[in-house]
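S.K.: The structure is given below, and queries will be raised subsequently.
The values are calculated or read from the model by the stated rules, or taken from the named source; none is laboratory data. Keep in mind that what you see is a predicted model, and the values were worked out from it rather than measured. As a convention, Cβ positions derive from the backbone with ideal geometry for all residues, glycine included, and neighbour counts pool all protein chains shown. The protein model used for the area step is the full one, side chains on, heavy atoms only, and it has no ligands, DNA or RNA in it. Shrake-Rupley method; radii C 1.70, N 1.55, O 1.52, S 1.80 Å.
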Amino acid sequence: MLTISRRNLMLSTAAIAAGTALGLRGALAQSDEAGTLQLAAFGGDAEATAIGHAIERFNTKYPNIKVELSMDPISSGWGDYVTKVLGQFNAGAPADVYGTAIESFQALASRDIFIPLDDLAKSEEFADIAPSLMEQGSYKGKSTYIPIGWNNIMINYNRDLFDKAGVAYPKDGKWTWDEFREVAKKLTIKDASGTVTQYGYEVPNQNFFIQPWFFSNGTGVLNADWTGSNMLDPKVAESLQFLHDIIHVDGSSPIPASGPDLGNQFFAGQIAMISRGHWIVQNAKTNGMNMDVAIPPSKETNSTVIGFGGYAVSKTAAKPEIAKALVAELTSAATQIEEAIGGGGLPSRQSASTNPDIMAFPPSAALYYETLADTKAVPSPANFQEVEKIVMRYYTSMMADEVSIADGVKQAHDELEASFARLKAAG
């Protein structure tokens, strides 16, 4: 479980000065090393742009190292990404540096395909990365990943649609399950024929997005140490029933299914509220959307989910020290700030955590950081690719009324337990 305090994300200005000095010193001395580095990263335009500029800075010291970048939008989930990366290693064609997220950390590190990065993690240059994130980037006591940006799931809402319906914004960004449900009803609009033209909420269709509905009810789909199923906890069924009723009783949400992200419908004003992270901020700006964020509704707690990314270096990298130098630039404050301002995740660097350009929008942007003391990491065991597929297959079936919630949680539990048994047997 990941818990991050706000204090851990505050900055010493000395750390900024030290980081800047390191960057300047590095830029002055050029290396004669030549060759190619394959970089596999993830994200959208914000990440691709910031990574491109990071590569340019890297090349001021290593002008003869060509960095070949491939970007994965993670459109089908992290389980598929794990399968893709392992397939590259099995085919003898891995990248030198991988950007990935906590969902895949254990699944990939447990295969012993990355080198330890303890020298980077313990260096002064990385002293301003939130300690709890650095800890979560470790596997069996060794630093395997250097953290980059993070996201916690919030409720993103269209203030214009709230105003048009005469619905008050959540006070201090907080509300209960019942209050949220009533708001979703009021924001759902039908035409004369009864066809919904505006949904109040989009019941999520991705694993990361649904986690707050369990956490806020004091439960989770896995047990606390991610070693087994928790699907038989009655609170899991209660959370699922609540989402099911928003769809089938209230008619306030479309039925979630594996497929395209409905974010475009949110930006088009066809859905009033969605569960997403900071990465949608730039799209909201681009679309001129009057958007704000609120904490996911509370049943027992205000807990939401957090996920974050990190960079790792492949054991097959021909130039591991130069690959580590690339990781250092990819995780620099400059890169993280640019990604966040462009619409990526929030910075793991303490030196970037209060940047005014990042905090300027949405109006309640301070809530991103205020929730950190009450966040839990997305469950990410070594068999994540199986766990995600099992959970989401039954989740979408239950939300679509293809299987009852009672039967769905029992069947999902059985499959999850079988997956963990195979993991344990494999050692």
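S.K.: In this structure, is Pro116 touching a residue at least 12 places away in the same chain (Cβ under 8 Å), in contact with a Lys or Arg (Cβ under 9 Å, 6 or more places away or on another chain) and either assigned to a helix (DSSP H, G or I) or open to solvent by less than 40 Å² (accessible area, probe 1.4 Å) (or both)?
M.R.: Numbers: touching a residue at least 12 places away in the same chain (Cβ under 8 Å): yes; in contact with a Lys or Arg (Cβ under 9 Å, 6 or more places away or on another chain): yes; either assigned to a helix (DSSP H, G or I) or open to solvent by less than 40 Å² (accessible area, probe 1.4 Å) (or both): no.
Taking the combined requirement at face value, the residue does not satisfy it.
S.K.: Only one of Val327, Val391, Val387 is crowded, with 20+ Cβ neighbours inside 10 Å, touching a Phe, Trp or Tyr at 6+ places or on another chain (Cβ under 6 Å) and at pLDDT 95 or above. Can you tell me which? Steps first, answer last, please.
M.R.: Values: Val391 fails: touching a Phe, Trp or Tyr at 6+ places or on another chain (Cβ under 6 Å); Val387 fails: touching a Phe, Trp or Tyr at 6+ places or on another chain (Cβ under 6 Å).
One residue alone meets the criteria, Val327.
S.K.: Under the condition of being over 24 Å from Glu47 (Cβ atoms) and not aliphatic (A, V, I, L, M), which residue from segment 264-291 is modelled with the highest pLDDT?
M.R.: By that ranking, first place goes to Asn290.
S.K.: Within segment 186-205, identify whether any single residue is touching a Gly at 6+ places or on another chain (Cβ under 7 Å), open to solvent by less than 20 Å² (accessible area, probe 1.4 Å), farther than 30 Å from Asp80 by Cα and among the hydrophobic types (A, V, I, L, M, F, W, C), and answer yes or no.
M.R.: Taking every residue of segment 186-205 in turn, at least one turns out to be touching a Gly at 6+ places or on another chain (Cβ under 7 Å), open to solvent by less than 20 Å² (accessible area, probe 1.4 Å), farther than 30 Å from Asp80 by Cα and among the hydrophobic types (A, V, I, L, M, F, W, C).
S.K.: While we're here: Would you be able to say whether some residue in segment 413-426 is modelled with pLDDT of 95 or more, farther than 29 Å from Ala95 by Cα and open to solvent by less than 10 Å² (accessible area, probe 1.4 Å)?
M.R.: Among the residues of segment 413-426, at least one is modelled with pLDDT of 95 or more, farther than 29 Å from Ala95 by Cα and open to solvent by less than 10 Å² (accessible area, probe 1.4 Å), which makes the answer yes.
S.K.: Restricting attention to segment 238-253, does a residue exist that is outside the structural domain of Leu346 (by TED's automatic domain parsing), buried (at least 16 other Cβ atoms within 10 Å of the Cβ), modelled with pLDDT under 95 and hydrophobic (A, V, I, L, M, F, W, C)?
M.R.: No: zero hits.
S.K.: Quick check on segment 125-132. Is at least one of its residues more than 25 Å from Gly43 (Cβ to Cβ), hydrophobic (A, V, I, L, M, F, W, C), assigned by TED's automatic domain parsing to the domain that holds Pro320 and touching a helix residue (DSSP H, G or I) at 6+ places or on another chain (Cβ under 8 Å)?
M.R.: First, pick out the residues of segment 125-132 that are more than 25 Å from Gly43 (Cβ to Cβ): 127.
Still in the running and hydrophobic (A, V, I, L, M, F, W, C): 127.
With the extra rule that they be assigned by TED's automatic domain parsing to the domain that holds Pro320, the set shrinks to 127.
Those still in the list that are touching a helix residue (DSSP H, G or I) at 6+ places or on another chain (Cβ under 8 Å) too: 127.
Yes, there is a match, as at least one residue in segment 125-132 is more than 25 Å from Gly43 (Cβ to Cβ), hydrophobic (A, V, I, L, M, F, W, C), assigned by TED's automatic domain parsing to the domain that holds Pro320 and touching a helix residue (DSSP H, G or I) at 6+ places or on another chain (Cβ under 8 Å).
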